[in-house]
Each structure stands twice: as structure tokens, then as C-alpha cells.
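Asker: Sharing a structure here in C-alpha cells format.
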Amino acid sequence: MSALLLTACSWVPARPRPGDVRQGFVGTWAQDDWSQSVLVLDEDGTFRARDFPASLVCDDSGNGGYPLDACRSRPSTVSADGTWALAEGQFGVVRLDSGEKSFATAYRHSTSFFGHGFVLGFYTGSLEQPEPDYVFERVQQRANGVHGDVER
């Protein structure tokens, strides 16, 4: 039994280098195939959010809520551009800023036992919940369709 455990654990990589971790977040993320909600994290540290859930941005939950002009009409979604960065000292936490203010915070939410697969999880309240309120999955291949207008 112990030989099996050692064999299974022997291929688990050491803690990745910061540049490798950052590269793992670069790409297009979508809430689901039926939603218009898309988040693009570019290599240069910029982001584009289209039809992003307003409950993550327009409230006072502390997860990013600040008075965007777009929030004044109480929309269900918000679109914005800005910068993104990994939170220092917090593995898998991505901070999104727009106009030098916090826009939203994403948390790496593992989808596999060894943590190789993950989604971006967003919370509207407490992080004590077992699952995020909103989940964005990486878009691997997408033809000109729902998310085509966000791609560069």
C-alpha cells in the first residue's frame, strides 16, 4: 500500500514558479456556454469583462463593490476593462482593478483531486461557503459565436 502511495505522489510537482502560475490564468473565461458573461485575462496584465455579473461589482460586499457609473442604473451585468494581478502571498487569488479601484476578486477553485484543473470562482459574500456563487471556466476553443467579440 505504501509503495502505491509513494508512486502516486511522486509525480506531484513542486510549488510552481510565480511566472508559471500567472501564465495559468491567462486566457478567456466564460460563466457557461449559454451566458454572455466573459472575462479575458491578457498576458500584459490587462483584462476585459463583458456582461459580468453586477452582483460581484455593484454591491458593498467588499469583494470589489464600488460605485461604477455603470452600476447607477442597477443593471444585471457590467462591462469594464482594467488590470489584473495575482494577490501577493495568496496562492490562486486574482485581483481585478478598473480605474485604479477594485473591480472583483477571483479565487482558483480546483476541479480535480490533484489540483491540475481549475475554474475561477467568485463570491458575493462569505468565503466560508463550500462553492463559489459564480464560476468561470476556461474557454479552450471558441469559434466566432457568443464569445467571439471579446477575443483579440
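Asker: Being part of a strand (DSSP E or B) and open to solvent by less than 10 Å² (accessible area, probe 1.4 Å) is the filter here, so list the residues in the stretch 39-53 that pass it.
Answerer: Residues satisfying the conditions are LEU39, VAL40, LEU41, PHE47, ALA49, PHE52, PRO53.
Asker: So which residues in the stretch 84-105 are of a type in the set (D, E, K, R) and in contact (Cβ under 8 Å) with a residue 12 or more places away in the chain?
Answerer: ASP97, LYS101, listed by residue number.
Asker: Considering only residues of the stretch 122-139 that are over 17 Å from GLN36 (Cα atoms) and not hydroxyl-bearing (Ser, Thr, Tyr), which is surrounded by the fewest Cβ atoms within 10 Å (Cβ to Cβ)? Spell out the reasoning first.
Answerer: In the first step, residues of the stretch 122-139 are kept if they are over 17 Å from GLN36 (Cα atoms); the result is 123-132.
Still in the list and also not hydroxyl-bearing (Ser, Thr, Tyr): 125, 127-132.
Details: GLY125: 12, LEU127: 10, GLU128: 6, GLN129: 11, PRO130: 4, GLU131: 8, PRO132: 17.
So the residue we want is PRO130.
Asker: Taking the stated definitions as given, is SER2 of a type in the set (Ser, Thr, Tyr), modelled with pLDDT under 65 and open to solvent by 60 Å² or more (accessible area, probe 1.4 Å)?
Answerer: Taking the combined requirement at face value, the residue satisfies it.
Asker: Answer yes if at least one residue in the stretch 16-28 is at pLDDT 85 or above, among the hydrophobic types (A, V, I, L, M, F, W, C) and open to solvent by less than 20 Å² (accessible area, probe 1.4 Å), and no otherwise.
Answerer: Among the residues of the stretch 16-28, at least one is at pLDDT 85 or above, among the hydrophobic types (A, V, I, L, M, F, W, C) and open to solvent by less than 20 Å² (accessible area, probe 1.4 Å), which makes the answer yes.
Asker: Another one. Has the stretch 106-127 got at least one residue that is within 19 Å of ASP51 (Cα to Cα), in contact (Cβ under 8 Å) with a residue 12 or more places away in the chain, outside any strand (DSSP E or B) and of a type outside the set (Ser, Thr, Tyr)?
Answerer: no
The values are calculated or read from the model by the stated rules, or taken from the named source; none is laboratory data. Since the structure is predicted, the reported quantities are computational estimates derived from the model, not experimental observations. We place every Cβ from the backbone using ideal geometry, glycine too, and count neighbours over all the protein chains shown. Ligands, DNA and RNA are stripped out before the accessible areas are found, and what is left, the full protein with its side chains, is counted by its heavy atoms. Shrake-Rupley method; radii C 1.70, N 1.55, O 1.52, S 1.80 Å.
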